[in-house]
Every structure is written in structure tokens, then in C-alpha cells.
1. Regarding the range 73-95, can at least one residue be identified that is of a type in the set (A, V, I, L, M) and open to solvent by 100 Å² or more (accessible area, probe 1.4 Å)?
2. When you go through 27, 10, 67 one by one, which is the residue that is at positive phi and modelled with pLDDT under 90?
3. Which residues, counting only those in the range 44-72, are small (Gly, Ala, Ser) and open to solvent by 30 Å² or more (accessible area, probe 1.4 Å)?
Amino acid sequence: MQEETLNKYGELYIKRHPNLKTKIVDGSSLVVAIVLNNIPNEATHVLLRGKLNKVSHAIANALCERGIKITTTYKDDFEILQSRVSTNFKKNLVFPEPMMQ
């Protein structure tokens, strides 16, 4: 019975309780919201590290939409993000130039 109520992103639950003003959020969306709400409003740059996945892509896209500059530590990760971020906001993806010694 429990599997029935949790399938299809909560579709059955919503159909059974149409008057509830409930938004069903999957785990990934919840993580993105938590991360975005914990970045200070004054932030202008964010360094994105770690293994890139759908959560990090969503975070990068949302931050770029807010006008926050995103950078990564590896060029490969930067190129992956460039292919995933909305075209209008790619200007907010920046990769640091190598330092000359």
C-alpha cells in the first residue's frame, strides 16, 4: 500500500487529496533549495567543487540566473557546466586564468 502512495512523484496522493495545497518535492530539488537558501545574498562568486551531478548542475544554473559567478577547480568540470547552463547565463561561468610565475 505504501508504494502506491509514493509512486509517480506523489501523483496518487495528490489525486486522493485534491484540496490540499501541497507541493511534492523530490530529494534533488530539496537539496538544491537548501543550498541556494544558505548562500549569502552578498555572494558574488561561488567555487563549485566535487563530482558534478544533476544537483550541482541545477545549483550552478540557479546561481548563474541570480548573476553569481561560478567557477570550478578543473577545466573539464567547467566545460561540462558550460554545456549544461542556460545559454543566457553562460557569461556567469568563469574559469580562472593560470597564474604566471
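The values are calculated or read from the model by the stated rules, or taken from the named source; none is laboratory data. Keep in mind that what you see is a predicted model, and the values were worked out from it rather than measured. Protein only, heavy atoms only, side chains kept; ligands, DNA and RNA dropped before computing areas. Shrake-Rupley method; radii C 1.70, N 1.55, O 1.52, S 1.80 Å.
1. No - not one qualifying residue is present in the range 73-95.
2. Numbers: 27 fails: at positive phi; 67 fails: modelled with pLDDT under 90.
Among 27, 10, 67, only 10 is at positive phi and modelled with pLDDT under 90.
3. Residues of the range 44-72 small (Gly, Ala, Ser): 50, 56, 58, 60, 62, 67.
The answer is 50, 58, 67.
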